[in-house]
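S.K.: Just dropping this structure here.
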Amino acid sequence: MKNYLPPLTFEVYEKSGKCYKLVDAKSLTAGVNIIGIKSTYNKKLPGMLPPSSEMQGRDAIEYKIKANQHIMITYKEETFRSQYNQVIETRSSSFIPEVGHDYDIYPVNSGVRIVDLTSSTHAPKSWGNEDKECSYKTGLLGGRNYY
């Protein structure tokens, strides 16, 4: 996971009837980032494959995640700023991690790239067309109220 701004968010979804509900969300950056000074520059886990060419020599934090969960990685990007307003877009990519696979995840122009290091492809197993998030309304504090 690239350890830079913009911070990436790791969201886990579980099946509920015919749709999926968000059950956990975590920020995937250094614990403390004050004025660009990170508390953690690199975190390596033993046994992981070497990074892809896009991640060689970059600050990265490695995580262990469960296989066969529906995962969405998101980040917010400022796309326009003027004296009076700014536009912030949410970029995302979803995938289902496979058993024994390692991945590189990092933001790119207008999206999130997920590279399967084990099979050397840019297209890991993704959500199917039938895999939809359940309907929800956003609560007062920003949480999702599913119905």
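S.K.: Hey, can you tell me all the residues within the range 50-73 that are in a loop (DSSP other than H, G, I, E, B) and in contact with a strand residue (DSSP E or B) (Cβ under 9 Å, 6 or more places away or on another chain)?
M.R.: Hits for the range 50-73 are PRO51, SER52, ARG58, ASP59, GLU62, TYR63, ILE65, LYS66, GLN69.
Results for (1) exposed (fewer than 14 other Cβ atoms within 10 Å of the Cβ); (2) under 14 Å from SER52 (Cα atoms), shown as yes or no for each residue.
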position	(1), (2)
TYR106	no, yes
SER110	yes, no
ILE114	no, yes
CYS134	no, no
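S.K.: Does the range 23-39 include one or more residues that are surrounded by 10 or more Cβ atoms within 10 Å (Cβ to Cβ), modelled with pLDDT of 85 or more and over 13 Å from the mean Cα position of the chain (by Cα)?
M.R.: Within the range 23-39 (the criterion being surrounded by 10 or more Cβ atoms within 10 Å (Cβ to Cβ), modelled with pLDDT of 85 or more and over 13 Å from the mean Cα position of the chain (by Cα)), the answer is yes, since at least one residue qualifies.
S.K.: Take ASP59 and decide whether it is crowded, with 19+ Cβ neighbours inside 10 Å and either among the charged types (D, E, K, R) or over 17 Å from the mean Cα position of the chain (by Cα) (or both).
M.R.: Considered against the rule, which asks whether it is crowded, with 19+ Cβ neighbours inside 10 Å and either among the charged types (D, E, K, R) or over 17 Å from the mean Cα position of the chain (by Cα) (or both), ASP59 comes out as no.
The values are calculated or read from the model by the stated rules, or taken from the named source; none is laboratory data. All figures in this text were calculated on a predicted structure; none of them were measured in a lab. Using ideal geometry, Cβ is built from the backbone for each residue, glycine included, and neighbour counts are taken over all protein chains shown.
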